[in-house]
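Only one structure is covered here, and it is reproduced in the block below.
What follows draws every value from the coordinates through simple rules; no lab data is involved. Since the model is a prediction, treat every value here as computed from it, not as a measurement. Here Cβ is always computed from backbone atoms with ideal geometry, including for glycine, and neighbour counts include all displayed protein chains.
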Amino acid sequence: MPGWRAAERRHWELAAEVEPAGDPALESLHDEATRVLPSLDRTRRVLAVGIAPPSS
């Protein structure tokens, strides 16, 4: 597992452990972590790069 992938997993694991205590931002982060973690190993990251055509 590349280092960035391990770091991403750790990020979501820590976010899932957070006790939001009524903070809307932490609640959102916690909820997202609980949705992401179960499928994290089945996802792949894709990087796309584009160049805008020159303006006329």
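Select from 56, 15, 37 the residue farthest towards the positive end of the dipole of the chain; place +1 on Cβ of Lys and Arg, -1 on Cβ of Asp and Glu, and compute about the Cα centre.
Working it through, the farthest residue towards the positive pole turns out to be 56.
Dipole magnitude of the chain about its Cα centre, charges +1 at Lys/Arg Cβ and -1 at Asp/Glu Cβ only, in debye to the nearest 20? Don't jump to the answer; show the numbers that get you there.
Numbers: 7 positive and 9 negative charges, 108 e Å.
Approximately 520 debye in magnitude.
Could you tell me how many degrees, from 0 to 90 and to the nearest 10, lie between the Cα long axis of helix 24-36 and the main elongation axis, the longest principal axis, of the Cα atoms of the chain?
Helix 24-36 sits at roughly 80 degrees to that axis.
Tell me the mean residue ellipticity at 222 nm calculated for the chain from its helices only (DSSP H runs of n ≥ 4, each -39500 (n - 2.57), averaged over every residue, nearest 500).
Values: 2 runs with 28 residues, N = 56.
Calculated at 222 nm, the ellipticity per residue is -16000 deg cm²/dmol.
Taking square-rooted eigenvalues a ≥ b ≥ c of the alpha carbon gyration tensor, is region 3-42 rounded, prolate or oblate, where a/c under 1.5 means rounded and, failing that, a/b exceeding b/c means prolate? Let's see the in-between values first.
Working: a/c = 3.07, a/b = 1.93, b/c = 1.59.
Taking the square roots of the gyration eigenvalues as a ≥ b ≥ c, region 3-42 is prolate.
For the pair residue 4 and residue 16, how long in nm is the line joining their label points, each one 7 Å along Cα→Cβ?
So the label points at residue 4 and residue 16 sit 2.2 nm apart.
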